[in-house]
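Trainee: Here it is: the structure, laid out below.
Values quoted throughout were computed directly from the atomic coordinates according to the rules given, and no laboratory measurement underlies them. Every value quoted in this text rests on a predicted model; they were computed, and no experiment measured them. Positions of Cβ are generated from backbone atoms using ideal geometry, with glycine treated the same way; all protein chains shown enter the neighbour counts.
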C-alpha cells in the first residue's frame, strides 16, 4: 500500500474516532429544539369566556383544555397555513366559503372542509356553553314546543341522534329565518352551513370531547352536556337567525 493511501486511511480513521468521541449534548439540544410556532394569519382561535373547570363534573377541565387549546387550535393553524397560498380564504366570510365548499379547487377542498368546518363548529360550540346556563324560555322555548315536541322530547331526540352518529361527528339544531327548528347530524367536521342552512346550537360527539371522563359512554356524556348549555346565548342566536344576521 502506498504512503499516500496509508496517510488517507489514518486520517479517515482519526476523523471517525473524533466523531464517536464528541460530546452528545449538541445532538440532544438539536432534538429538543422548540417546534415552530403555528402559522399566523386571518383565522383566530376565540378565547373561552369562562374557566375550563366551570363545567365539572359534567365536563372536566383537562378535556376542555385539550379540546380548545389543542384540537380547535389545530384547525385554526391549518387554515392559516393554507391561507398563505390561498389568501382569498382569509377575506371571504366563513359561512360563504362553507356554503360553497364544492366550488373550491380540489387541491384545497378537503383541507378546508375539515379545518374550516371544525373552526366554525367549535366557535359555535364554545359560544352556546356557559356556567349556570338556566333553561330555555321565550321564543326559543315556544319554537322547541312547536317544532320539536317540547323540551323533554327534544332533549331525548337530540341525544338519540347524537348517539346514532357513527364515529366522529356532530348533532345540531338547525334554524330557518322563519324560526323553524330541526335536529340534524353530520359526520366529521361537516356543518349544515355546507347545505345552505344555519345552526342554532350543536353538540360535539367526537371522542376528544368526552373520552377522558366517559370513555365509550357517549350516552352519559350527551345527557350530562345539557348542564353546560347557555340558553341566553341560544336565544341570542335564535333572534339573529330570524333577523337574517346569524353567521356561524
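Trainee: Please compute the volume of the convex hull spanned by the alpha-carbon atoms of the range 85-193 and report it per residue in Å³. Please list the in-between numbers first.
Mentor: On the way: hull volume 14.3 nm³, N = 109.
Looking at the range 85-193, the number lands at 132 Å³ per residue.
Trainee: May I pose another question? When ranked by the protection proxy of mean other Cβ atoms within 10 Å per residue, highest first, what sequence do the peptides 98-111, 228-241, 124-137 form? Show your work: numbers first, answer last.
Mentor: Working: 98-111: 13.2, 228-241: 18.5, 124-137: 16.9.
Sorting 98-111, 228-241, 124-137 by mean packing, highest first, produces 228-241, 124-137, 98-111.
Trainee: Under Stokes-Einstein, with the Kirkwood radius over Cα pairs standing in for Rh, what whole-number D in µm²/s applies to the range 59-248 at 10 °C and 1.306 mPa s?
Mentor: Values: Rh = 17.1 Å.
Approximately 93 µm²/s, per Stokes-Einstein.
Trainee: On to the next question. Pulled fully out, how much extra length does the chain show between residue 216 and residue 232, if you take 0.36 nm times their separation in residues and subtract their Cα-Cα distance? Show your work: numbers first, answer last.
Mentor: Values: separation 16, 0.36 × 16 = 5.76 nm, distance 3.09 nm.
My answer for the length gained is 2.7 nm.
Trainee: When the label point is put 7 Å from the Cα of residue 141 along its Cα-to-beta-carbon vector, which residues of the range 224-246 have a backbone N closer than 16 Å?
Mentor: Once the point is set 7 Å along Cα→Cβ of residue 141, 230-236 turn out to lie under 16 Å by backbone N, inside the range 224-246.
Trainee: In addition: Taking neighbour counts of Cβ atoms within 10 Å as a proxy for exposure, in what order, fewest first, do 152, 139 appear?
Mentor: Values: 152 9, 139 13.
With the fewest neighbours first, 152, 139 line up as 152, 139.
Trainee: Here's something else I'd like to know. Would you kindly compute the Cα radius of gyration of the range 162-248 and its largest Cα-Cα separation (Dmax), both in Å?
Mentor: When restricted to Cα atoms, the range 162-248 yields Rg and Dmax of 13.6, 40 Å.
Trainee: Continuing with this model, one more query. Pull out a ≥ b ≥ c, the square roots of the eigenvalues of the alpha-carbon gyration tensor of the range 36-143, then state rounded if a/c is under 1.5, prolate if not and a/b is larger than b/c, and oblate in the remaining case. Present the calculation step by step, with values, prior to reporting the outcome.
Mentor: Working: a/c = 2.85, a/b = 1.53, b/c = 1.87.
Cα axes put the range 36-143 in the oblate bin.
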